[in-house]
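Participant: Please see the structure below; I have some questions.
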Amino acid sequence: MAPDVQLEKEQRMGFFQTILVALVFLPLLMVASHNFLQNFTAAVPRHWCYIPVGDNATTEVTGDQLKIYVPMDGNQEPDRCLRFSTPQWQLLAPNGTSTNATEPCLDGWAYDRSVFNSTIITEWNLVCGQRTLKDFAQSIYMVGVLLGALVLGGLADRLGRRALLLWSLLQMGVMGTSAAFAPNLAAYCAFRFFSGMSTAGVILNGTSLTLEWIPSQFRAMVSTILSCSLTLGQLFLAGLAYAIRDWRQLQLASSVPFFLFFLYSWWIPESAHWLIVNHRPEKALRNLRWVAQINGEKLEGEGISLEVWGTGYTQEEESSGTSQHSALELFRTAPMCGVTCFLPVPSNRFSNSFSFFHLALDLQRFEGISIFLVQLIFGAVDMPFRMVVAVIANRLGRRLMQAACLVLGGLFILASVPVPQDMEVLLITLTVLGKGLFSSSASCSYLYTTELYPTVIRQTGMGVTFMMAWLGAVAAPMVEMTQAFVSFLPLLLFGAVPITAGILVNCLPETLGAPLAHTMKQVESKKEELRKEARGTKKTKF
């Protein structure tokens with residue numbers, strides 16, 4: 001029996017697998033909270049120039065007298081960045097007008113603290129001339145995620161999924177907690193950068209380690225459950241931020257649980273798949289025995305398993321002329337190059353995130369709704385779409401599911417191009433449907449990516465695809481800027497890119513029901529089998 005088939009046979013969906021999914025689910029939920037944390041810790045409240053009263057400047061002008069010192073806009077709200085050079089007492093009289101010049105807020109700003117007690121905006125005055133520093137802080141976090149996907153994904157293929165998961169959990173706890181005590185913006189950005197790196201490590205290694213312990217017939221269901229944790233994290237963040245209105249306390253509450261996750265994750269065993277391809281069959285067999293004991297079952301064929309696993313993959317690697325694997329392996333052979341080129345760039349993660357973040361930004365049109373309720377809406381609309389993946393991907397296949405979500409999502413965006421802006425209900429409906437389909441696509445992509453790449457470079461491949469997803473997120477707001485030149489151009493791009501990607505997905509092999517590939521040679525063999533089947537089908541037709 002082939003090693004991959006033997007290992008697949010020994011794996012069952014038992015008590016251990018259930019506990020494993022639950023243990024990994026929790027840190028993924030909290031990681032999702034960190035992704036959207038700056039929606040609250042960097043919220044920009046209403047603000048205006050601080051006007052001191054008296055020589056000691058310990059109190060400020062408030063109420064109706066504020067209009068003597070600060071210009072009012074059309075809504076009779078104080079200007080955010082300017083004040084009068086001299087007091088305009090005539091404005092207290094009916095129909096009083098002002099002709100004097102204005103100046104910047106020389107004494108700082110006053111903030112409306114009715115929603116948030118404090119944010120990084122109010123603490124470090126990131127408003128007016130300093131407002132771009134808010135986006136800079138979020139960009140630093142995203143750069144950390146990009147770098148983490150490359151570094152921690154590649155290292156996991158060499159050092160193991162478990163080791164990198166533990167490191168990522170500890171790093172998230174330490175850096176997230178440190179950010180809560182940051183003395184200045186520079187320190188805050190540095191801690192957020194390393195938090196971003198650990199975000200990628202937790203998602204990539206937590207997902208991969210879990211799916212490598214799950215039998216093929218249950219992977220779609222488990223992948224859906226894990227992806228739902230990323231959605232539920234948004235809902236959890238809304239409740240947490242509603243209860244905690246101080247940014248330091250909120251940052252701390254979102255980070256401290258990772259120390260607990262780090263401690264209990266020592267219980268999780270290393271992936272047997274990874275141990276086998278890295279020539280440690282004895283350890284793999286011990287882990288399988290331990291798991292079987294937890295599940296209340298007996299491991300079958302122990303002697304045969306050890307003999308086959310100890311030699312099978314080594315021989316395959318020697319015959320392929322490689323035993324050390326790097327990112328170059330993603331492009332070394334035609335089958336792997338096809339997977340790498342079609343999967344992350346146009347078809348899977350880039351195009352999915354590219355259009356998803358456009359729709360996420362569009363949902364902010366709900367003006368007048370509480371920011372906490374908006375966060376709930378963002379998360380709630382994704383849930384039913386993500387759950388559909390578990391059913392359809394196991395019946396119709398991963399490839400069809402992925403392609404259909406991308407194409408239909410792109411069509412919904414294109415359908416919104418001719419819709420007038422005053423038809424808000426129709427526009428919101430199209431937006432919600434499109435965003436839900438891209439959420440389904442993201443959920444399916446975690447599963448599909450895991451099954452397409454062999455174990456020897458699985459984390460490296462997932463790291464590249466994860467990086468491309470965040471590049472799509474970065475590209476989305478840049479494309480939005482083209483609206484200033486051609487109003488409908490962004491919508492055309494956001495619709496056309498996923499449709500093109502959905503078509504290209506059909507160039508990838510189907511993985512439904514297939515055991516996980518472990519070596520490069522197995523991927524090449526599967527590709528050759530598909531070619532023979534395709535040629536045989538054509539001959540039969542004629």
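The values are calculated or read from the model by the stated rules, or taken from the named source; none is laboratory data. Treat the numbers as computed from the prediction; the structure is a model and nothing was measured. A quick note on method: Cβ atoms are made from the backbone with ideal geometry, for glycine too, and the neighbour counts reach across all protein chains shown. Note: accessible area is taken over every heavy atom of the protein model, side chains too, but ligands, DNA and RNA are not part of it. Shrake-Rupley method; radii C 1.70, N 1.55, O 1.52, S 1.80 Å.
Participant: Mind grabbing the accessible area of ARG248 for me, 1.4 Å probe, Å², rounded to tens?
Facilitator: 60
Participant: In square angstrom, what is the accessible area per residue of the stretch 143-302 with a 1.4 angstrom probe?
Facilitator: I get 35 Å² per residue for this part.
Participant: Also, I was wondering about something else. Under the 0.36 nm per residue contour assumption, what length would be gained going from the current alpha-carbon distance of PHE15 and VAL417 to full extension?
Facilitator: Full extension of this stretch gives 139.7 nm more.
Participant: So, one more: Tally up the carbon and sulfur contribution to the accessible surface of the stretch 393-523 as a whole percent, 1.4 Å probe, everything protein left in place.
Facilitator: Here carbon and sulfur together make up 74 percent of the probe-accessible area.
Participant: With a sphere of radius 13 Å drawn around the Cβ of ILE203, what net charge do the other residues whose Cβ falls strictly inside it have (Lys, Arg +1; Asp, Glu -1)?
Facilitator: +2
Participant: Quick one: Debye curve from the C-alpha atoms of the stretch 104-196, no solvent, what's log10 I(q)/I(0) at q = 0.14, 0.24 Å⁻¹?
Facilitator: So the normalised log intensities work out to -0.62, -1.21.
Participant: Order LYS67, LYS435, most accessible first, counting only protein heavy atoms with a 1.4 angstrom probe.
Facilitator: Final ranking, largest accessible area leading: LYS67, LYS435.
Participant: Report Rg(Cα)/(2.2 N^0.38 Å) for the stretch 86-245, keeping two decimals.
Facilitator: 1.53
Participant: How much length would be gained if the chain were fully extended between ALA163 and VAL391, taking 0.36 nm per residue of separation minus their Cα-Cα distance, in nm to one decimal?
Facilitator: Difference between extended and current length: 78.8 nm.
Participant: Mark the label point 7 Å from the Cα of LEU492 along Cα→Cβ and return the residues of the stretch 396-433 whose backbone N is within less than 16 Å of it.
Facilitator: Label zone hits: 411, 413-419.
Participant: OK, next. How do 497-505, 197-205, 79-87 rank on mean C-beta neighbours within 10 Å, highest first?
Facilitator: Highest-to-lowest ranking by the protection proxy: 197-205, 497-505, 79-87.
Participant: Over all directions, what mean area does the Cα convex hull of the stretch 391-468 project, stated in square nanometres?
Facilitator: 6.1
Participant: Given +1 on the Cβ of Lys and Arg, -1 on the Cβ of Asp and Glu, and no further charges, what dipole in debye does the stretch 373-469 carry about its Cα centre, rounded to the nearest 20?
Facilitator: It comes to approximately 420 debye.
Participant: Can you put ASP107, ASP382, ASP112 in order of accessible area, largest first, using a 1.4 Å probe?
Facilitator: Sorted by accessible area, descending: ASP107, ASP112, ASP382.
Participant: Nearest 0.05, what FRET efficiency do THR482 and PHE136 give at R0 = 22 Å with Cβ-Cβ as r?
Facilitator: That gives a FRET efficiency of 0.50.
Participant: Rounded to the nearest 0.05, what FRET efficiency do ASN117 and MET383 give with R0 = 30 Å and r taken as the Cβ-Cβ distance? Could you check?
Facilitator: After rounding to 0.05, the efficiency reads 0.45.
Participant: Leaving out ligands, DNA and RNA but keeping every protein chain, what accessible area does SER443 have, in Å² rounded to the nearest 10, with a 1.4 Å probe?
Facilitator: 0
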